[in-house]
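S.K.: Okay, here's the structure, questions in a sec.
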Amino acid sequence: MDRLDNLPGDQRFFERSGPFSLEQLVEAAGGDIHPAQSGKNVRFRGVAPLHVATAEDVSFLDNRRYLPLLEKTKAGVVILSPAFVDKLPAQTAGLVSKAPYLAWARVASLFHPAPPSKGSRHPSAYIGEGVEIGDDVEIGPFAVIENGAKIGNGSIISAHAFIGKSVEIGERCRIGSHVSVTHAKIGNRVSLYSGARIGQDGFGFAVGPQGFETVPQLGLVIIEDDVEIGANSTIDRGSMRDTFIGAGTRIDNLVQIGHNARLGKCCIVVSQAGVSGSTELGDFVTIAAQAGLIGHIKIGEKARIGAQCGVMSDVEAGADVIGSPAMPFREFFRNVATLRKLSRKSSG
Amino acid sequence: MDRLDNLPGDQRFFERSGPFSLEQLVEAAGGDIHPAQSGKNVRFRGVAPLHVATAEDVSFLDNRRYLPLLEKTKAGVVILSPAFVDKLPAQTAGLVSKAPYLAWARVASLFHPAPPSKGSRHPSAYIGEGVEIGDDVEIGPFAVIENGAKIGNGSIISAHAFIGKSVEIGERCRIGSHVSVTHAKIGNRVSLYSGARIGQDGFGFAVGPQGFETVPQLGLVIIEDDVEIGANSTIDRGSMRDTFIGAGTRIDNLVQIGHNARLGKCCIVVSQAGVSGSTELGDFVTIAAQAGLIGHIKIGEKARIGAQCGVMSDVEAGADVIGSPAMPFREFFRNVATLRKLSRKSSG
Amino acid sequence: MDRLDNLPGDQRFFERSGPFSLEQLVEAAGGDIHPAQSGKNVRFRGVAPLHVATAEDVSFLDNRRYLPLLEKTKAGVVILSPAFVDKLPAQTAGLVSKAPYLAWARVASLFHPAPPSKGSRHPSAYIGEGVEIGDDVEIGPFAVIENGAKIGNGSIISAHAFIGKSVEIGERCRIGSHVSVTHAKIGNRVSLYSGARIGQDGFGFAVGPQGFETVPQLGLVIIEDDVEIGANSTIDRGSMRDTFIGAGTRIDNLVQIGHNARLGKCCIVVSQAGVSGSTELGDFVTIAAQAGLIGHIKIGEKARIGAQCGVMSDVEAGADVIGSPAMPFREFFRNVATLRKLSRKSSG
């Protein structure tokens, strides 16, 4: 069953457009791309990695490590950096870009666009009263949309999704299977993957004489345009203000975002990371996998938080930190080296 | 779409009671609360943070850092500590409490009580044979309740919830959407948030000649009264004895509790923390975010486990530990300082 | 409600076979097991821990720490290592094995086999066009099986499960409630626990002038025979090749497996661990709880990655590593000791 050497984009699982000419690829890629060597008027049928691509496939290279594969590839055309053009085999055309991965994303999306809304409502879905559903919305089996919710044009509400009372979802959103969304306003072109939980109560309680007493969580979750939120991630609604996810931000699987947190635009939060309540991220912040941020701190724009980092205080804009507690990358690795040296000396 | 400066408790998303008089607020808050300055016979309509509250809103202060907001607030009344009473602006009444956050929880709950059971069963729900359903139980669309389960009075079983065979759920519980519960007995007033998984097989297997062989997991999950379990958290049932969650314990999102674990009363387990199999927590233990406890250890009552802590052995009652491996807080931060100093010297 | 001293295998929750004779137990256990002391022709009715077992129960001991319980047990027969045979009380028979935990797994499974498929399709389930369903398949309420999927003989598709277009599931698989599977081929006897997410898009995007642009994820998830995947775990499909989980591998709850990752046979991945994209594990690799592996590295066969370990580079076959960054176990604990000593000196 190992498909390591099979072609990607199996047509039983993926829609496929095309074939496309070299000119159409160039147009899709946009930007500064240009052909190296003639395209021989071939029409391309799909994308594939260098080692399995055929003369009808488009392939890709941006890492020097895979140069040996380039020299042996049978791909019809390869998208690559200017630096590698002279390594193209004779029978293979090149599409040269200073941003080859971006060009690749666009060409691959030309062949395999995200499946559009089917525009139909499965009869088993439950739609409450006063729900506003735009044009061309797909609603899957056993989806539940509660009273007063709004779903924008072209959006997909997958099987078993739960959209709570008064929730607003913009246009061309993709709400995956088994997602639950309550107490939220969601922009356009937002993707929520399977099992994401948006808008449940934050973790808030006071200590009373008989035990903990719940503090009502009275804010919403605001998700701006073009956000993606991964499978089984959880984003709690705000307690007194809203939890906020800025436009273009990408959140991976199994991530926790606490109540009142505010993420800027185009942040990246990798899987199993956690952002505690009321913490604020500037724009373009990256949080690597399994990192954790305590509550009520500020992370400056473009800061990068390393994997498994434990952040206990504010981080300046543009800083690179790692370790638990967080420190600059250089300091962390210097500490590691110092301790190793002292430890060997001590036991030597 | 940024609602940072909007009022919380949007009536399209949240139920609202009231308005209430100052006397009613005092009664709801209970305890030692008392008014400072006259209430002017105003009737209050909701709760709001200091900077957006109006004369009809109740607000709150317990942190010195927000004193500048107090001095400018337009709130009708503010719940606050005795220490801050003299900072109240002239037009604002005070409700003074030595436990202002608890008073706040209660007053906010007066305005925004948790939505009660609708007391109705959606016709799409599947109810097995021999199921006992109490009075005033709400059952949402596509919920599944299998044979022999019992649901107590006033409980809510939300859309898409799955309640397995013979499971017992007490009174006034809130079982969120997409929750699954099997092999479990659950007390009263328990909340399980969306996607929580209760009672599946623990991670138990023996090494056989052809690979791993599953060890049957024959215990239950016992959840006492007033427990809350967060979104997408997982609690495995016991292997030979039961997994046990003591009364009043609060578990956040994405937490893992292994088979046979035993949590005492009023423990706090913050998001993405994990408790391995057969580990036992005394009462009032706190486990911060992303901490992990190995199996078969004991954590004494009132111990506090810091964020990202890796606990490999027993922890004494009342201890504060952090680090991986776990050590006393003081030792951890002294180590951090020592290593920084040595590292600078070493590279200096 | 505490059942610490109750018998496991409560018949309201668990199926039970038997009773069985000592000879039947020996046959089920297989291997080198043999009775010590005569079995008195008793027929055994179930399994139980030493301290609650009765004369009709089978019990188990493999840890010296529980020897005091053995001496007081009332169990009819105890499965145990040769080393403990002479501690058996007079009225208790022994089943002696050099692999007592494996024998126990098999005997417990004799009494409590996993519930078989009911072989029936709930009328509420949604089955698409061209779906191939084998013999004796159980399909629960509100399950969704999309066009062209194949389900092998004897498999169970639980309530609310979602099986996407063209997905292939082998024989005698157990697909838990609320699972979603898309873009995947799954072997025989695979268990996916509740809320597992298989086959969603990996975390892949390029940086464009207006923000991130999604890179189509065109591979599948291949899961070989006898794999188990825990509750709320997430396994992303490949981007250009497939994500691959080798035969017999066991994955616990809340685990993340990134796109293109390849796990060998009989690996163990404990809860809340994460394997980043394109990382490869050999056979028999163990990854303990909350460990994280960066992308594009190789872990040699039989390597063991400790709890909370942060692995940033390749790990050799058979190595034991822990710490963040990962290092050999011995080095890690030597570092801990060194730093403690230096720190005390420094502050002393």
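S.K.: Filtering segment A:99-118 down to residues that are under 13 Å from residue C:201 (Cβ atoms) and surrounded by fewer than 20 Cβ atoms within 10 Å (Cβ to Cβ), which residue is nearest to the other protein chains (Cβ to nearest Cβ)?
M.R.: Out of the qualifying residues, it is A:109.
S.K.: To continue, here is another question. Quick check: is even one residue across segment A:58-69 touching a Pro at 6+ places or on another chain (Cβ under 7 Å) and of a type in the set (Asp, Glu)?
M.R.: yes
S.K.: Evaluate the following for residue A:298: is it of a type outside the set (Phe, Trp, Tyr), in contact with an Asp or Glu (Cβ under 8 Å, 6 or more places away or on another chain), under 17 Å from residue A:258 (Cα atoms) and in the same structural domain as residue A:267 (by TED's automatic domain parsing)?
M.R.: Criteria met by residue A:298.
S.K.: Further question on the same structure: Looking at segment A:202-218, which of its residues are within 25 Å of the chain's Cα centre (by Cα) and either within 7 Å of chain B (Cβ to nearest Cβ) or on the phi > 0 side of the Ramachandran plot (or both)?
M.R.: none
S.K.: Name every residue in segment C:165-183 that is over 16 Å from the mean Cα position of the chain (by Cα), among the hydrophobic types (A, V, I, L, M, F, W, C) and not in a loop (DSSP other than H, G, I, E, B), in order of residue number.
M.R.: Passing the criteria: C:169, C:181.
S.K.: If a residue must be touching a Gly at 6+ places or on another chain (Cβ under 8 Å) and away from every other protein chain (no Cβ under 14 Å), how many such residues does segment C:7-22 contain?
M.R.: Selection size over segment C:7-22: 2.
S.K.: Within segment A:22-97, considering only strands (runs of 3 or more DSSP E) that don't extend past its boundaries, which have at least 1 residues that are farther than 21 Å from residue C:238 by Cβ and without any contact (Cβ under 8 Å) to a residue 40 or more places away in the chain?
M.R.: Those strands (runs of 3 or more DSSP E) span A:77-80.
S.K.: Going residue by residue through segment B:190-202, is there one that turns out to be closer than 17 Å to residue B:278 by Cβ, touching a residue at least 60 places away in the same chain (Cβ under 8 Å) and in contact with a Gly (Cβ under 8 Å, 6 or more places away or on another chain)?
M.R.: Yes, segment B:190-202 has at least one match.
S.K.: Go through segment A:273-288 residue by residue and tally those that are at the interface with another protein chain (Cβ under 8 Å from one of its Cβ atoms) and open to solvent by less than 20 Å² (accessible area, probe 1.4 Å). Give the derivation first.
M.R.: The initial filter retains those residues of segment A:273-288 that are at the interface with another protein chain (Cβ under 8 Å from one of its Cβ atoms), namely A:274, A:276.
Narrowing the set further to residues that are open to solvent by less than 20 Å² (accessible area, probe 1.4 Å) leaves A:274.
Qualifying residue count for the region: 1.
S.K.: Only residues that are open to solvent by less than 10 Å² (accessible area, probe 1.4 Å) and touching a Leu at 6+ places or on another chain (Cβ under 7 Å): list them for segment B:84-98, please.
M.R.: Here is the first cut: in segment B:84-98, the residues open to solvent by less than 10 Å² (accessible area, probe 1.4 Å) are B:92-97.
Correct list: B:93, B:94, B:95, B:96.
S.K.: Determine which member of the set C:58, C:47 is at the interface with chain B (Cβ under 9 Å from one of its Cβ atoms), modelled with pLDDT of 95 or more and either open to solvent by less than 50 Å² (accessible area, probe 1.4 Å) or touching a Phe, Trp or Tyr at 6+ places or on another chain (Cβ under 7 Å) (or both).
M.R.: When all the criteria are applied, what remains is C:47.
S.K.: Return yes when residue A:343 is of a type in the set (Ser, Thr, Tyr), more than 30 Å from residue A:203 (Cβ to Cβ) and either assigned to a loop (DSSP other than H, G, I, E, B) or open to solvent by less than 70 Å² (accessible area, probe 1.4 Å) (or both) and no when it is not.
M.R.: Criteria met by residue A:343.
S.K.: Kindly evaluate residue A:213 against the criterion of being in contact with a Lys or Arg (Cβ under 9 Å, 6 or more places away or on another chain) and open to solvent by 10 Å² or more (accessible area, probe 1.4 Å).
M.R.: yes
S.K.: Sort out which residues of segment B:253-269 are open to solvent by 10 Å² or more (accessible area, probe 1.4 Å) and within 10 Å of chain A (Cβ to nearest Cβ), and write them in order of number.
M.R.: B:265, B:266, B:268
S.K.: Hey, does segment B:316-330 have a residue that's open to solvent by 30 Å² or more (accessible area, probe 1.4 Å), within 10 Å of chain A (Cβ to nearest Cβ) and in a loop (DSSP other than H, G, I, E, B)?
M.R.: Scanning segment B:316-330 turns up at least one residue that is open to solvent by 30 Å² or more (accessible area, probe 1.4 Å), within 10 Å of chain A (Cβ to nearest Cβ) and in a loop (DSSP other than H, G, I, E, B).
S.K.: Of everything in segment C:180-200 that's at the interface with chain A (Cβ under 7 Å from one of its Cβ atoms) and within 23 Å of residue A:227 (Cβ to Cβ), which residue is surrounded by the fewest Cβ atoms within 10 Å (Cβ to Cβ)?
M.R.: C:183
S.K.: Then there is this: Would it be correct to say that residue C:133 is buried (at least 21 other Cβ atoms within 10 Å of the Cβ) and either more than 30 Å from residue C:186 (Cα to Cα) or touching a residue at least 12 places away in the same chain (Cβ under 8 Å) (or both)?
M.R.: No, not satisfied.
S.K.: Is there a residue being touching a residue at least 12 places away in the same chain (Cβ under 8 Å), open to solvent by less than 10 Å² (accessible area, probe 1.4 Å), of a type outside the set (A, V, I, L, M) and more than 14 Å from every other protein chain (Cβ to nearest Cβ) anywhere in segment C:136-146?
M.R.: no
S.K.: While we're looking at this one, here's another question. Tell me yes or no: at least one residue of segment B:122-131 is assigned to a loop (DSSP other than H, G, I, E, B) and at pLDDT below 95.
M.R.: There is no residue in segment B:122-131 that is assigned to a loop (DSSP other than H, G, I, E, B) and at pLDDT below 95.
S.K.: Any idea how many residues of segment A:7-36 are surrounded by fewer than 15 Cβ atoms within 10 Å (Cβ to Cβ) and either modelled with pLDDT of 95 or more or more than 19 Å from residue A:99 (Cβ to Cβ) (or both)?
M.R.: Qualifying residue count, segment A:7-36: 7.
S.K.: Return a yes/no flag: does segment B:154-175 have any residue that is out of contact with any Asp or Glu (no Cβ under 9 Å at 6 or more places or on another chain), within 12 Å of chain C (Cβ to nearest Cβ) and either in contact (Cβ under 8 Å) with a residue 60 or more places away in the chain or closer than 23 Å to residue B:14 by Cβ (or both).
M.R.: Within segment B:154-175 (the criterion being out of contact with any Asp or Glu (no Cβ under 9 Å at 6 or more places or on another chain), within 12 Å of chain C (Cβ to nearest Cβ) and either in contact (Cβ under 8 Å) with a residue 60 or more places away in the chain or closer than 23 Å to residue B:14 by Cβ (or both)), the answer is yes, since at least one residue qualifies.
S.K.: Looking only at residues in segment A:65-83 that are within 14 Å of chain C (Cβ to nearest Cβ) and open to solvent by 20 Å² or more (accessible area, probe 1.4 Å), which one is farthest from the chain's Cα centre (by Cα)?
M.R.: Taking segment A:65-83 first, the residues within 14 Å of chain C (Cβ to nearest Cβ) are A:65-66, A:69, A:73, A:75, A:78-79, A:81.
From the residues that got through so far, the ones that are open to solvent by 20 Å² or more (accessible area, probe 1.4 Å) too are A:65-66, A:69, A:81.
On the way: A:65: 26, A:66: 25, A:69: 28, A:81: 25 Å.
Checked segment A:65-83; the qualifying residue farthest from the chain's Cα centre (by Cα) is A:69.
The values are calculated or read from the model by the stated rules, or taken from the named source; none is laboratory data. Being a predicted model, the structure only gives us computed values, none of them experimental. Note that we place each Cβ from the backbone using ideal geometry, even for glycine, and neighbour counts take in every protein chain shown. The area values use the complete protein model at the heavy-atom level, side chains included, leaving out ligands, DNA and RNA. Shrake-Rupley method; radii C 1.70, N 1.55, O 1.52, S 1.80 Å.
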